[in-house]
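Input: a single structure, listed below in structure tokens.
The values are calculated or read from the model by the stated rules, or taken from the named source; none is laboratory data. No experiment lies behind these values; they were computed from the predicted model shown. Backbone-built Cβ (ideal geometry, glycine too); neighbour counts: all protein chains shown. We work out accessible area using only protein heavy atoms, side chains counted, and drop any ligands, DNA or RNA first. Shrake-Rupley method; radii C 1.70, N 1.55, O 1.52, S 1.80 Å.
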Amino acid sequence: MGLPADGSAPIVIAVRDLAKRFGEVRAVDGVTFSVARGELFGFLGPNGAGKTTTMNMLIGLARPGSGSIEIGGIDCTRDPKPVQHLMGIVPDESNLYPELTGFGNLCFCGALYGMGRRDREARARELLALFGLAEAGERKLGGYSKGMKRRLTIAAGIIHAPPILFLDEPTTGIDVASARQIRQLIADLSAQGTTVFLTTHYIEEAERLCRRIAFIVRGRIVRIDTVANLLDRVRDRYIMEFALSAPGAGLCEAVTARFPHLRCYAAAGNRIRVESAEPVRVGPVLRLVEESGGEVLEARRITPSLEEVFVEITGIESEAMRHEKERNGRGGGE
Amino acid sequence: MRSGIPLWAILAKDLRAYYLKPPNISWGLLFPLLWAGMFFIRSGSGMESIPELLPGVIAVSILFGTTSLLSVTVTFEKKGRSFERLLLAPIRLELLMLAKTAGAILFGIANALLPMAIAAFVADLSGIRWGILAAAIVLIAVASTFLGLFIAVSVSEVFEAQTFSNFFRFPMLFLCGLFFPISVLPLWLRPVSYALPLTYGADLLHEAVQGTGVLPLPLDFGVLLVFCALLFGISLLGVRRRWIT
Ligand SMILES: Nc1ncnc2c1ncn2[C@@H]1O[C@H](COP(=O)(O)OP(=O)(O)OP(=O)(O)O)[C@@H](O)[C@H]1O
Ligand SMILES: [Mg+2]
């Protein structure tokens, strides 16, 4: 096991030049990263970026095309079996047994990891209570709602208290309160020393939860850094957002032509954003927009967050990313 | 010791979820009995013909308790993604697949015991060579279960598993020499018969029940074992190739 640059904790997941293609599609295209013990590492990217494919290669459900994977110091590029006992896995969709009860599912999953009957039954009850499923526990999974299935799938992933936890979009498809509770749980597990690899397309989730984030787009990591460092880029940046009555892409050119020290770009829903290293003076911009035939409905100050960093680095509109996801029928997290 | 827990859990879950379910039990029992009844009535003979029917009924019972049940349940779990759970568990694939097939093997054996129990009440079974019979039943159950596994890794839809099972099952029953000797088949069909595992199982059953086997015992056992090993090996390869993408 290598040591990370800051020398704090040993590396438990080391991935080098990992690639995989499906026919002509380069699903994952040369991905390199490492995760230290106890770290909460986020994989953030839009639909089809390669998040699930990367995770599947790490856990042993997909065969890497090239590159290498080391987990817990063991090379498991070819054979993941020797390290699978270290892993807890929460896939993007439920893969539990519809014909078993919630309790039965948890106990079965515990047994797969060698837990004795008493152990797994006690732990199953504890988790059912923790996830608000105590009463549903005796019912068959087939009759669970989507959110209940999701929560049970997460419970099943941690029943054996794994030292490394893989979560594929854990909060997609569940209500706000449950999503918050699950984030808290993930944060707690991490605080207790569990190493977490998490994929998400919710930028706020990544910002709130993760210590380090990789932005993945079209199979490639475009940036990888700690959340603190990523936010540093935008910390002393001022952003004003103008809501217009019509699309305002053309206006941006006018704004930057008149005020070269400003950056102007279109945002979702007939909005434009004006960015500067110093406070933006709204008056002149407003006047210019109206002179150019635009109608401003609203202007507001945006506190720069990871979202702005993401948009800047990937060129992908975060709103678009979220909406696309929800259209695809998985429901919203927040 | 540690791997005993997951393997037992897989077997127990399948027994409870699939093999001990009333529809499966009744289908597994009813079909061979109806089949036997049909032959019994058609032959028009009395109870003394029961030993003659027994090998066929045993083979049908096993075949109907194993191949399609296993292929359908595995395909179903593969489609519902719960099979992923097993692939992700820290259990070697060989052991995992043995645990996964053990339920069907046991179910096939149990299905064979019922017609025998009934036969024991109504006919004289004193001439049976029990050792050979027991070995034959186990080997036929294993081979036809592994055939189901092979089908499961070759298809992706549940109905395909069902169709393929029948595709193998019915011709096998008629070509294996259980209901009429292979010697009455047209010459060109005989090689097909000898390419079927059940032919060797049927020969063992005939030998055990009535002493009328035509092939040497070691050949029967040997070929059945080779079939089991091949079907299991190819199926494992299929899982590694197709299910770990
Ligand atoms: N089994 C497969 N066969 C063919 N193409 C695949 C397969 N799995 C993934 N892909 C392709 O690989 C690319 C990456 O898919 P992947 O599921 O890893 O994305 P993702 O980041 O998890 O997306 P999402 O946010 O929608 O879950 C996509 O273009 C997808 O179409
Ligand atoms: Mg995905």
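Values computed for the structure shown
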{"read-out": "CD proxy at 222 nm, helix term only [per DSSP H run n ≥ 4: -39500 (n - 2.57); per residue of chain A; nearest 500]", "value": "-10500 deg cm²/dmol"}
{"read-out": "With all protein chains modelled, accessible area of residue A:120 [1.4 Å, Å²]", "value": "40 Å²"}
{"read-out": "Neighbourhood charge, 14 Å Cβ-Cβ cut-off, centred on residue B:219 and excluding it, Lys, Arg +1 and Asp, Glu -1", "value": "-3"}
{"read-out": "Nearest 10 degrees, 0 to 90: helix B:93-122 Cα axis against chain B principal axis", "value": "30 degrees"}
{"read-out": "Of A:98, A:260, B:175, farthest towards positive along the dipole that unit charges on Lys, Arg, Asp, Glu beta carbons give the protein assembly as shown", "value": "B:175"}
{"read-out": "Shielding by partners, peptide A:51-62 (average Cβ within 10 angstrom, other chains)", "value": "2"}
{"read-out": "Tilt relative to chain A, helix A:146-158 - C-alpha long axis, 0 to 90 degrees, to 10", "value": "60 degrees"}
{"read-out": "Charge dipole (chain B, unit charges on Cβ, about Cα centre) - positive-most of B:73, B:141, B:91", "value": "B:91"}
{"read-out": "Rounded to 10°, Cα long-axis angle of helix B:22-43 versus longest principal axis of chain B", "value": "20 degrees"}
{"read-out": "Interface size B-A, as summed buried accessible area [1.4 Å probe, Å², nearest 100]", "value": "2700 Å²"}
{"read-out": "Other-chain or far-sequence residues with amide H under 5 Å of residue A:89's (modelled H)", "value": "A:166"}
{"read-out": "Whole-angstrom gap from segment A:222-237 to segment B:138-184, using each part's C-alpha centre", "value": "62 Å"}
{"read-out": "Computed accessible area, residue B:27, all protein chains, 1.4 angstrom probe, square angstrom", "value": "120 Å²"}
{"read-out": "Cysteines having no other Cys beta carbon under 4.7 Å from their own, within chain A", "value": "A:76, A:107, A:109, A:210"}
{"read-out": "Residue A:267 long-range amide H proximity, modeled H, under 5 Å", "value": "A:272, A:273"}
{"read-out": "Computed magnitude of the charge dipole of segment A:11-226 (debye, nearest 20; Cβ of K, R +1, Cβ of D, E -1)", "value": "160 debye"}
{"read-out": "Assigned charges on the beta-carbon of Lys, Arg, Asp, Glu; segment B:100-245 dipole about Cα centre (debye)", "value": "420 debye"}
{"read-out": "Under 5 Å, built H, 5+ apart or other chain: amide partners of residue A:101", "value": "A:141"}
{"read-out": "Shape of chain B, Cα gyration tensor, a/c cut at 1.5", "value": "prolate"}
{"read-out": "Whole-angstrom gap from segment B:1-70 to segment B:201-245, using each part's C-alpha centre", "value": "18 Å"}
{"read-out": "Partner chain coverage, peptide B:173-182 - average Cβ within 10 angstrom", "value": "0"}
{"read-out": "For residue B:100, solvent-accessible area (1.4 Å; no DNA, RNA or ligand), Å²", "value": "10 Å²"}
{"read-out": "Nearest-0.05 FRET efficiency for residue A:22 and residue B:230, computed from C-beta distance (R0 35 Å)", "value": "0.70"}
